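Undergrad: I'd like to ask some things about the structure below.
The values are calculated or read from the model by the stated rules, or taken from the named source; none is laboratory data. Note that the structure is a prediction, hence the values are computed from the model and not measured. Don't worry about glycine lacking a Cβ; one is built from the backbone with ideal geometry, like all the others, and counts go over all protein chains shown.
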Amino acid sequence: MRILLFFIFLFLSLTLTACATSRSGSVYTRDQARQVQQVELGTVAAVRSVLIEGTKTPIGSIGGAAVGAIAGSAVGGGRGSDIAAVVGGIGGWLLGSAAEEGVTRQDGLEITVRLDSGRTIAVVQAADEVFKTGERVRLVSGDEESRVVH
């Protein structure tokens, strides 16, 4: 039974790690590669730290429910075991969902850029680069996403 729980926790850990998406200025999805993007030049007007919420997919909830149900079924015997499995499943569902959101949450930056065209825009992305007020940057925009890069 302990070996089974170990493998379930290992599976959940790897699955949740794989779910973590990066809203980085330096990371492109496979679909974004080899796509034409527009580039505008501008100056950083302001930078503010923000928190980018984590993902909320069914994977964390379902995985947590499975682990909770298995752990609950090991308690007692007969109907007591069945009830403990249901309660464990519900508790695991809630904990799994919260764990996924917490694991995939990341620090971000809201970067306000005054474009050379006169427009002012703000982009939120992962805090994996340092931006300073007054610095010259590029705004790279595709169909649905934009990013600020040096």
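Undergrad: Inside region 113-126, can you point out the residues that are farther than 23 Å from residue 57 by Cβ and surrounded by 18 or more Cβ atoms within 10 Å (Cβ to Cβ)?
TA: Let us first name the residues in region 113-126 that are farther than 23 Å from residue 57 by Cβ, namely 113-123.
The answer is 113, 123.
Residue-by-condition table, conditions (1) out of contact with any strand residue (DSSP E or B) (no Cβ under 9 Å at 6 or more places or on another chain); (2) of a type outside the set (Ser, Thr, Tyr); (3) modelled with pLDDT of 70 or more:
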| position | (1), (2), (3) |
| --- | --- |
| 52 | no, yes, yes |
| 76 | yes, yes, no |
| 82 | yes, yes, yes |
| 126 | no, yes, yes |
| 141 | no, no, yes |
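Undergrad: Kindly indicate whether any position in region 86-107 is among the aromatic types (Phe, Trp, Tyr) and either more than 29 Å from residue 134 (Cα to Cα) or at pLDDT below 75 (or both).
TA: As a first pass, look at region 86-107 and keep what is among the aromatic types (Phe, Trp, Tyr): 93.
Add one more test, that the residue is either more than 29 Å from residue 134 (Cα to Cα) or at pLDDT below 75 (or both), and what stays is 93.
Within region 86-107, one or more residues are among the aromatic types (Phe, Trp, Tyr) and either more than 29 Å from residue 134 (Cα to Cα) or at pLDDT below 75 (or both).
Undergrad: What tally of residues in region 66-97 results from selecting those that are at positive phi and not in a loop (DSSP other than H, G, I, E, B)? First the steps, then the outcome.
TA: Of all residues in region 66-97, those at positive phi come to 76, 78.
From what's left, not in a loop (DSSP other than H, G, I, E, B): 78.
So the count comes out to 1.
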